[in-house]
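A.B. asks: To start, I am sharing the structure in question, which I have written as structure tokens.
The values are calculated or read from the model by the stated rules, or taken from the named source; none is laboratory data. Because the structure is predicted, anything quoted here is derived from the model rather than measured. When we count neighbours, we look across all protein chains shown, and the Cβ atoms used for this are built from the backbone with ideal geometry, even at glycine. Quick note on the areas: whole protein, heavy atoms, side chains included, nothing else; ligands and nucleic acids left out. Shrake-Rupley method; radii C 1.70, N 1.55, O 1.52, S 1.80 Å.
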Amino acid sequence: MQPKTILALALCSIGVAGCATRTSDSEVEGAVAEVIKVSFKTRGQATVDRLNQDDAQALCSKYHDRPPREIAGKIEQSQTATIRYPSSGKLMGDWREGERIAQSGVGWQFTDAPTRPAGGSCYNCHQISKQELSFGTIGPSLYQFGKLRGSGEAIQKYAFGKIYNAEAFSACSNMPRFGHNGVLTEEQITHLVALLLDPDSPVNK
Amino acid sequence: MRIHRLLAGMLAVTLPCFSLAQQDTLKEIERYRQLLQESNPAELYEARGAEHWKRERGPKNSSLERCDLGLGPGVVKGAYVRLPRYFADTDRVQDLESRLVTCMVTLQGFTPEEARRSPFSGTGTPMITTEPFSGVSRPSVMTDLVAWIASESRGMKIEPPMSHPKERLAYQAGERLFYYRAGPYDFGCVTCHGEEGKRIRLQNLPKMTNAKDAQRAFGTWPGYRVSEGEVRSMQWRMWECIRQMRFPELEFASDASIALITYLAKKAEGGTLDAPSIKR
Amino acid sequence: MADPMRIRANMIGDKVEVKVLMAHEMETGLRKDAQGKIIPAHFIRNVTVTHGGKTVLSAEWGTSVSRNPFMHFRFRGGKPGEKVTISWVDNRGDKRTDEAVIAGG
Amino acid sequence: MNGKRREMLKAGGSAGVLALAAGAGMIKPGEALAQEWNKAAFETKSVADTVKALGGSGSTESSAIEISAPDIAENGAVVPIAVESKLPRTQAIAILIEKNPNTLSAEFEIPAGTDPFVSTRVKMAETSNIYALVKADGKYFHAMKEIKVTIGGCGG
């Protein structure tokens, strides 16, 4: 059988003249949904249902990550409600563990073992410790994060919440909602908080 | 080697030099990239690809020399920079690789499954990323053909046609897919390719809606990736980005892949093809 | 059988500059495949370059020469139109010999 | 640097004789040296051991050896390295990578008439010192350079 040919569907049913104009949004919408349905397949842990969007994902896609203020506000509100702080009240873990998590970009790919804990992929996008020269710049530099802000409870809470669900603070942020989506455990997040805030962490040297 | 590399990553054995400024790092990386340009193993693939084009293969024991890549049967020169495009015989928008699948089916008598079986060459790769495709010494006829066919458009302007409604629809679908965020990491193509001058680790990220970036990015695929010791194609680039986005697997030569490539080709319009290139 | 090498030999002043690319996987023997099995080492061990019956370079390689190896060197005594012959042999005894004509400067 | 080859050259009297043998069809090019591969040297795990295995008792640092390579390699699978020796009567150039599983990467014999220069590409497992070891007039000299290998990509 020939490869599935959704783009080959007779979308020009309204005739050649009609096709000279831009296809309507709803037609494109329908075509995209079909294209997605036939173009992806479950592999390992990466099942096709991952392509189903939640409300935040759908809104961000719709507005190309720049939602109007009112919608951004709604997203931030709904995402804030998702954050679960540790019941123990302990927000700071071990910065050494945090550094290991920050370095690792594995997890959740169909090539990754599902049993292996995910990394935080932090260096992919942020400068963190100064020793690591290979860092990305999609996110802001976090070097001296704690040195500039202290390590009190308020900032601990902010850092935990931001890693747990970045969209609570900034709708359509590029940063994955690590806690909300279950990518990182509560404990892993506390280690990352320590990496950022612990005065002994290389981040604050 | 891979074990060592992974260990290095996991144990955070970072670069021991504290004094080297970021600027020097980037300058040296640039120098590294310059040094790579001296010689490109993609040439070896191009030579094989040219042979595959002429070789009689398949149940029909026929070559691909009558394959129509959009400029008429057998015309290879300049074909790559005018893809993806609409083909009347399949009533479908096709990129190079999906078109080659069609030719392998119609001219050589392969089944589509056979034609798509080994989309990407896979020999020992130091990265875990392409292991699903690897086995030892498993060159891919498809990859070799892509390397050669692209080389026959080297130096030419990227000019994807956009006159057929289905070409425009593919573009629009590609645009939607580019902004489509999903999965456990909330990623979309736009997450990494929506802003100018950004990097993942030390790798520069093209902003795909910026013509200059898109031209450079699109114009340097296919490329020999030194990290994998293989030539990789645009189809592979899509497949691999999608994998890293934590999406399910993007099927080779699927409509989504073609839509994305159509979108990117259009964004890169007017750029010059400088491929097969050599990259990290 | 191994693929042909890509050899470029050009006169630069009174020297012949040789650049060669070889198609070889240069497998280290340290890596594992997707099933966790060790991929056996497979690499070029000896390279010999001759011109006019005389060896102008010979090399012994280990597994850490990069995949699809590249080598660049220069020698005296060659003229345009003459041939440079390059041979390699790998650890399994596979071999390949190719030649190139020296191009003018 | 290779013991066997040295003996063969000695027995033949000159490189020319070996080439003559090849020309006369006694040995085909490529086969002539096929069996000669210094296994012991390629199995060494340190710079000092490699020098020994190649036939030296030690080596002296020399500023007459120039290593041309990037300070940082974006990927360790391909690190371009060129070595040029200004030492008189350079006979061989070897590339050693201190922290690789096996130290010796490549060894090139440089006959008279060939520039004491070679450029190639090597794999580096991690950030390491690399050594260019040169045999000149029967003695061993070296130069050293550190090359950093960066972590790249986003899924690893």
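A.B. asks: Counting each pair of different Cα atoms once, what's the Kirkwood radius of the protein assembly as shown in Å, rounded to one decimal?
C.D. replies: 27.9 Å
A.B. asks: Using a 1.4 angstrom probe and counting only protein chains, how large is the accessible area of D:Lys99 in Å², to 10?
C.D. replies: Result for D:Lys99: roughly 110 Å² accessible.
A.B. asks: Total Å² of accessible surface buried at the B-A contact, 1.4 Å probe, nearest 100?
C.D. replies: For B against A, buried area totals roughly 6500 Å².
A.B. asks: Sorted from largest to smallest, which semi-axis lengths in Å does the alpha carbon gyration tensor of chain B give for its equivalent ellipsoid, taking the root of 5 times each eigenvalue?
C.D. replies: After scaling each eigenvalue by five and taking roots: 31, 22, 18 Å.
A.B. asks: When the accessible area of segment B:42-280 is computed with all protein chains present and a 1.4 Å probe, what percentage of it is carbon and sulfur?
C.D. replies: Heavy-atom surface of segment B:42-280 belonging to carbon and sulfur, 1.4 Å probe: 49 percent.
A.B. asks: Under the rule of at least 5 residues apart or a separate chain, name every residue whose amide H is placed under 5 Å from the amide H of B:Arg55.
C.D. replies: Amide H neighbours of B:Arg55, under 5 Å, 5+ apart: B:Leu64.
A.B. asks: For a Förster distance of 60 Å, can you work out the FRET efficiency between the beta-carbons of C:Ala103 and A:Ala81, rounded to the nearest 0.05? Can you show the working numbers first?
C.D. replies: Numbers: r = 72 Å, r/R0 = 1.20.
The pair C:Ala103/A:Ala81 has a calculated efficiency of 0.25.
A.B. asks: Further, regarding this structure: Have a look at B:Leu35, A:Phe40, D:Ala48 and report the one farthest towards the positive end of the charge dipole of the protein assembly as shown, computed about the Cα centre with Cβ charges (Lys/Arg +1, Asp/Glu -1).
C.D. replies: Most positive-ward Cα: D:Ala48.
A.B. asks: Compute and list, largest first, the equivalent-ellipsoid semi-axes of chain C from the alpha carbon gyration tensor, each √(5λ) rounded to a whole angstrom.
C.D. replies: Working: eigenvalues 191, 27, 24 Å².
So the equivalent ellipsoid measures 31, 12, 11 Å along its semi-axes.
A.B. asks: Carbon and sulfur together cover what percent of the accessible area of segment A:9-163 at a 1.4 Å probe radius?
C.D. replies: 55 percent
A.B. asks: Step through the residues of segment B:256-270 one at a time and calculate ³J(HN,Hα) from phi using the Karplus curve (6.51 cos²θ - 1.76 cosθ + 1.60, θ = phi - 60°), rounding each to whole Hz and writing x for Gly and Pro.
C.D. replies: 5, 5, 5, 4, 4, 5, 5, 4, 5, 4, 5, 5, 8, 3, x
A.B. asks: Something else about it: Mind ranking A:Arg116, B:Arg33, B:Arg243 by accessible surface for me, highest first, 1.4 Å probe? Display every interim value, and only then the final one.
C.D. replies: Working: A:Arg116 95, B:Arg33 50, B:Arg243 0 Å².
In descending accessible area the options line up as A:Arg116, B:Arg33, B:Arg243.
A.B. asks: What do you get for chymotrypsin sites (Phe, Trp or Tyr not before Pro) in segment A:101-141 restricted to DSSP loop and a cutoff of at most 12 other Cβ within 10 Å of the site's Cβ?
C.D. replies: Sites meeting the loop and neighbour criteria: none at all.
A.B. asks: Report, by chain and number, residues whose modeled amide H sits under 5 Å from the one on B:Lys279, excluding near sequence neighbours (fewer than 5 apart, same chain).
C.D. replies: B:Tyr224, B:Arg225, B:Val226
A.B. asks: Roughly how many Å² is the accessible area per residue of segment B:42-280, as a whole number, for a 1.4 Å probe?
C.D. replies: I get 30 Å² per residue for segment B:42-280.
A.B. asks: Per-residue HN-Hα couplings for segment B:140-148, Karplus 6.51 cos²θ - 1.76 cosθ + 1.60 at θ = phi - 60°, whole Hz, x for Gly and Pro?
C.D. replies: Values, residue by residue: 10, 4, 4, 5, 4, 4, 4, 4, 6 Hz.
A.B. asks: Also, quick follow-up: When the accessible area of chain C is split by element with a 1.4 Å probe, what percent falls to carbon and sulfur?
C.D. replies: Working: 2060 of 4150 Å².
Ligands and nucleic acids excluded, carbon and sulfur reach 50 percent.
A.B. asks: While we're on this one: What size of dipole, in debye to the nearest 20, comes out for segment B:194-244 about its Cα centre when the only charges are +1 on Lys and Arg C-beta atoms and -1 on Asp and Glu C-beta atoms?
C.D. replies: Working: 10 positive and 6 negative charges, 19 e Å.
Dipole size: approximately 80 debye.
A.B. asks: If I model a spin label at A:Arg149 and D:Lys39 as a point 7 Å from the Cα along the Cα→Cβ vector, what separation in nanometres do I get?
C.D. replies: 6.0 nm
A.B. asks: Shifting gears a bit: Using the Cα centre of the protein assembly as shown as origin and beta-carbon charges of +1 (Lys, Arg) and -1 (Asp, Glu), tell me which of C:Gly13, B:Cys189, B:Phe218 is placed farthest towards the positive end of the dipole.
C.D. replies: C:Gly13
A.B. asks: Largest first, what is the accessible-area ranking of A:Thr185, C:Thr50 with a 1.4 Å probe?
C.D. replies: Details: A:Thr185 75, C:Thr50 25 Å².
These residues rank, largest area first, as A:Thr185, C:Thr50.
A.B. asks: Continuing with the same structure: Could you pull out the longest piece of chain C with no exposed loop trypsin sites (Lys or Arg not before Pro) in it, calling a site exposed if DSSP puts it outside H, G, I, E, B and it has at most 15 other Cβ atoms within 10 Å?
C.D. replies: C:38-91
A.B. asks: In percent, what relative contact order does segment A:27-205 have, based on Cα pairs under 8 Å that are 6 or more apart in sequence?
C.D. replies: 28 percent
A.B. asks: What's the tally of Lys pairs in chain B whose alpha-carbon atoms lie under 23 angstrom apart, where the two lysines are 8 or more places apart or on different chains?
C.D. replies: 29
A.B. asks: Next question, about the same structure. In peptide C:6-13, what is the residue-averaged number of other protein chain Cβ atoms found within 10 Å of each Cβ?
C.D. replies: That average works out to 1.
A.B. asks: Something else now. Using the Cβ atoms and a cut-off under 11 Å, what net charge is assigned to the surroundings of A:Ser151, where Lys and Arg are +1 and Asp and Glu are -1?
C.D. replies: -1
A.B. asks: State the volume of the convex hull built on the alpha-carbon positions of segment B:224-280, expressed per residue in Å³ and rounded to an integer.
C.D. replies: 93 Å³
A.B. asks: Sort A:Ser24, B:Ser151 from largest to smallest accessible area, using a 1.4 Å probe on the heavy atoms of the protein chains.
C.D. replies: Most to least solvent-accessible, the answer reads A:Ser24, B:Ser151.
A.B. asks: Count neighbours as other Cβ atoms within 10 Å of each site's Cβ, and list the GluC sites (Glu not before Pro) in segment B:52-113 that are DSSP loop with at most 11 such neighbours.
C.D. replies: When the GluC sites (Glu not before Pro) of segment B:52-113 are filtered for loop state and at most 11 Cβ neighbours within 10 Å, B:Glu56 remain.
A.B. asks: Under the rule a/c < 1.5 gives rounded, and otherwise a/b versus b/c splits prolate from oblate, where does segment A:54-122 land using the Cα gyration tensor? Walk me through the intermediate numbers first.
C.D. replies: Numbers: a/c = 2.55, a/b = 1.49, b/c = 1.71.
It is oblate, given that a/c is not under 1.5 and a/b is not larger than b/c.
A.B. asks: Let me ask another. So what's the net charge close to A:Arg177: Lys and Arg +1, Asp and Glu -1, counting the other residues with Cβ under 15 Å from its Cβ?
C.D. replies: -2
A.B. asks: Sticking with this structure for a sec: Kindly identify segment A:38-153 as rounded, prolate or oblate by the Cα gyration tensor criterion: order the square roots of the eigenvalues as a ≥ b ≥ c, call it rounded if a/c is under 1.5, otherwise compare a/b with b/c, prolate if a/b is larger, else oblate.
C.D. replies: Taking the square roots of the gyration eigenvalues as a ≥ b ≥ c, segment A:38-153 is oblate.
A.B. asks: What pairs from D:Lys45/D:Lys86; C:Lys83/D:Lys145; C:Lys15/C:Lys83 go past 25 Å between their alpha carbons?
C.D. replies: D:Lys45/D:Lys86; C:Lys83/D:Lys145
A.B. asks: What average count of beta carbons from other chains do you get within 10 Å of the Cβ of residues in D:63-74?
C.D. replies: Across D:63-74, the average partner-chain Cβ count within 10 Å equals 5.
A.B. asks: Output ³J(HN,Hα) for segment D:83-100: one whole-Hz value per residue in order, computed from phi by the Karplus curve 6.51 cos²θ - 1.76 cosθ + 1.60 with θ = phi - 60°, and x for Gly and Pro.
C.D. replies: Here the 3J(HN,Hα) series is 10, 10, 10, 9, 6, x, 6, 5, 10, 7, 10, 10, 10, 10, 10, 4, 9, 6 Hz.
A.B. asks: Also, quick follow-up: Going by amide H atoms built from the backbone, whose H comes under 5 Å of the H on B:Gly78, apart from near neighbours?
C.D. replies: Placed amide hydrogens put B:Ser153 under 5 Å from B:Gly78.
A.B. asks: Can you work out the FRET efficiency for the pair C:Met11 and A:Arg66, with r the C-beta to C-beta distance and R0 = 60 Å, to the nearest 0.05?
C.D. replies: 0.50
A.B. asks: Still on this structure, please answer the following. Net charge near C:Ala100, counting Lys/Arg +1 and Asp/Glu -1 over other residues with Cβ under 12 Å of its Cβ?
C.D. replies: Every neighbour counted, the sum reads 0.
A.B. asks: Related question: Projected onto the charge dipole of chain B (+1 at Lys/Arg Cβ, -1 at Asp/Glu Cβ, origin at the Cα centre), which of B:Cys241, B:Leu145, B:Pro84 gives the Cα projection farthest towards the positive end?
C.D. replies: Working it through, the farthest residue towards the positive pole turns out to be B:Cys241.
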